Amino acid sequence: MYRTIYHLSTSGEGDIVDITPQVREAIRAAGVGEGMVNVFVTGSTVAVTTIEYEQGVLSDLRRALSVVAPDDIPYAHDRRWGDGNGRSHVKAALVGPSLSVPIAGGEPMLGTWQQVVLLELDVRRERSRTVVVTVTP
């Protein structure tokens, strides 16, 4: 098993960061030709998924998440903590904090137009995010 940690800066809610290069780098560093790579983000207002990293579909994803957890409705979390990021927690829980991708030939088995992305969902501010990448043969 090989594990590495990346620290990324995000610019706030709606930021979508292509982390495919970091995933590939971790696989190369691990020297694993066949296996599995797991990507995990720490924090309850951030998520990871795969998507085509193209501005149109990224905009569509942002819009879809805003429909699922809109910013103009009350959230119990906001009433309890007063930090205004209840919707961020909901979006992150729905998308999820981790993703596993098979490895073949030393590369993640992603589709031609499929990238691994980090979704910054916190409404409050720019953030430093921690991404844990674990490679297993």
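Brief remarks on what is shown
- Convex hull of Cα atoms in the stretch 20-75, direction-averaged projection (nm²): 5.6 nm²
- Once the chain from Ser44 to Ser128 is taken as fully extended at 0.36 nm per residue, the excess over their C-alpha distance is 28.9 nm.
- Dividing the summed helix terms, -39500 (n - 2.57) for each DSSP H run of n ≥ 4, by the number of residues in the chain produces a 222 nm estimate of -9000 deg cm²/dmol to the nearest 500.
- Dipole magnitude of the chain, debye to nearest 20 (Cβ charges: Lys/Arg +1, Asp/Glu -1, about Cα centre): 400 debye
- Each residue of the stretch 37-49 is assigned a 3J(HN,Hα), and the resulting list reads 10, 10, 10, 9, 10, 8, x, 9, 10, 9, 8, 10, 7 Hz, derived from the Karplus form 6.51 cos²θ - 1.76 cosθ + 1.60 (θ = phi - 60°), x at Gly and Pro.
- Label point distance in nm, Ser98-Ser66, each placed 7 Å from Cα along Cα→Cβ: 3.2 nm
- Comparing the chain with the 2.2 N^0.38 Å rule of thumb, its C-alpha radius of gyration ratio is 1.10 (two decimals).
- Calculated FRET value between Arg3 and Tyr53, using beta carbons and R₀ = 22 Å, to 0.05: 0.35
- Mean separation of Cα contacts under 8 Å (6+ apart) over length of the chain, as relative contact order %: 54 percent
Here, each number is a calculation from the coordinates, and none is a lab measurement. As the structure is a prediction and not an experimental result, all values here were calculated from the model. No Cβ is skipped: glycine too gets one built from the backbone with ideal geometry, and neighbour counts run over all protein chains shown.
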